[in-house]
Amino acid sequence: MKIMLEKLEKFKSIMIFLINEKFSYKSKNRLIFILRIIKEFPKLVKFIFKDVSQIGMIGSIISLDSSTMCQLKCPMCPSLEGIKEEGALGWGYLKFKNFKNFVDKNPEIKRIELSNSGEPFLNPELKEIIKYGWKNKVDITIGTGANLNSVKGDILESLVKYEVKSLTISLDGATNHTYKIYRIGGDFDKVIRNIKIINYFKKKHHSDYPKMLWQFVIMGHNEHEIPAARKFAKQLGMGFYTKLNRIPSYSPIKDKDFVRKESHLGVSNRKEFLGKYKRIYILGCLRLWNSPQINWDGKLLGCNVNLWNNFGNVFETSLKKCLQSERYIYTKQVVLGRKIVRDDIPCSKCAIYKRVKRIPIKKSEIILNDNIHTHNIIPMIRVQKGSPS
Ligand code: SF4
């Protein structure tokens, strides 16, 4: 039995490597799409004839932001607008007490994503949070991204001991010199040291968790370091993926052909992506159904792009009640192309909405959660198993 499992694991690693390195983006996505249909077939049958705007959630995943606080000063940080006084996020962190109550009151939630706007490791109660999740069989992920510059006490060992399922680390460079240009206040060497410590504990505890992913946002000043970063990630036993810059005018791409090749997407920016694949690069709207975003203080934000309004407080009332509010359902109808956007709906301030208005969300995309950059998909296809150094 043990030999069979080892062989199966080896076969899985080879398949993941082949999919990652040898398949084009298009074929990779076709394959994922087929796998998703097979995997989500029961959901397809269950929801295909229903009005998706009336369905509260599909699945059992929630995004609950552990912190909007951050120590870095990244120039394009999208969260800054939400942290300002008039924004919906505010500056703070998720309290253990609220997390515990939320888990106790919502036993149907089986996975909680803890990262979104700030640096999760600045939450002083993070260890208790992940321990409680583990004890209650709720998978914890830090998949949207952490900078991993500041870690206190034994939190790195806790990530391994309490089996945090995935950890995505934002590292936009392969050297400290390049990394520091965008991640102002950060220290590349410190982050690498922390990754190595996690690998040390993974070895010590004979654990595969957390699966680590290196996220590299491509900009003009770091594009030349993509191959070195990819190689380094492999040496560290991490998965690696590139992300196209949200604001292409900041540090514009210098060598488009090089980036087209090295991004493994065949495109050098999000506009080219839309033109080539006829789809929006990151479809944040799907979160309304598949992983509704909750702010650290309990405000339901719906999608993780929303910095402006909220749909009630799930700590004060209930998740179910907030998901069934008139404005939440209306927002779903807006992105499905059935209603006109109103001022009290976050989409009215969102840049993505201009595109969604032209290409509304499809029911199949919602049911299959067919998005290329969700924390659900990336670990599934991109984590390479390697021998941590
Ligand atoms: S269009 Fe609306 S639902 Fe979609 S990402 Fe923007 S704010 Fe979120």
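Just so it is clear, none of the values below were taken in a lab; they were calculated from the coordinates. The model shown is predicted, which means the values in this text are computed figures rather than measured ones. Every residue, glycine as well, gets a Cβ built from its backbone with ideal geometry; the counts of neighbours run over all protein chains shown.
Between the amide H of residue 240 and those of 214, 384, distances stay under 5 Å, these residues lying 5 or more places away or on another chain, with hydrogens modeled in the peptide plane.
Checking the cross-link pairs 127/278; 110/261; 100/234; 95/161 against a 31 Å limit on the alpha carbon distance flags 127/278; 110/261; 100/234 as lying beyond it.
Entry note, the stretch 223-274: relative contact order of 32 percent, from Cα contacts under 8 Å with a spacing of 6+ residues.
Taking Cα centre as origin and charging only the Cβ of basic (Lys, Arg, +1) and acidic (Asp, Glu, -1) residues, the dipole magnitude of the chain rounds to 1260 debye.
Across the stretch 196-235, the residues whose backbone nitrogen lies under 19 Å from the label position 7 Å along the beta-carbon direction of residue 257 are 220, 223-227.
Placing R0 at 41 angstrom, the Cβ-Cβ distance between residue 354 and residue 206 gives a FRET efficiency of 0.25 after rounding to 0.05. Based on the alpha-carbon gyration tensor of the stretch 191-339 and its eigenvalue square roots a ≥ b ≥ c, which shape applies: rounded if a/c is under 1.5, prolate if not and a/b is larger than b/c, or oblate? The shape class here is oblate. Modelled spin labels at residue 364 and residue 80, positioned 7 Å past Cα toward Cβ, are 4.1 nm from each other.
Backbone geometry of the stretch 212-226 corresponds, through the Karplus equation with coefficients 6.51, -1.76 and 1.60 at θ = phi - 60°, to 3J(HN,Hα) couplings of 10, 10, 9, 9, 10, 7, 7, 9, x, 7, 10, 4, 5, 9, 4 Hz, x marking Gly and Pro. Putting +1 on Lys and Arg Cβ atoms and -1 on Asp and Glu Cβ atoms, find which of 133, 58, 69 reaches farthest to the positive end of the dipole of the stretch 51-194. The listed residue farthest towards the positive side: 133. A crude spin-label estimate for the pair residue 39 and residue 196, with each label 7 Å from Cα along the Cβ direction, gives 3.4 nm.
DSSP bridge analysis restricted to the chain gives an antiparallel fraction near 15%, rounded to the nearest 5. What separates the Cα centres of the stretch 248-288 and the stretch 177-196 is a distance of 24 Å.
The relative contact order of the chain comes to 19 percent, based on Cα pairs under 8 Å that sit 6 or more residues apart.
Among 289, 169, 186, which residue has its Cα positioned farthest towards the positive end of the charge dipole of the chain, with +1 placed on the Cβ of Lys and Arg, -1 on the Cβ of Asp and Glu, and the dipole taken about the Cα centre? About the Cα centre, the residue reaching furthest to the positive side is 289. Could you please report the charge total around residue 206, scoring K, R as +1 and D, E as -1 over all other residues with beta-carbon less than 13 angstrom from its beta-carbon? Taking every Cβ under 13 Å from that of residue 206, the sum is +2.
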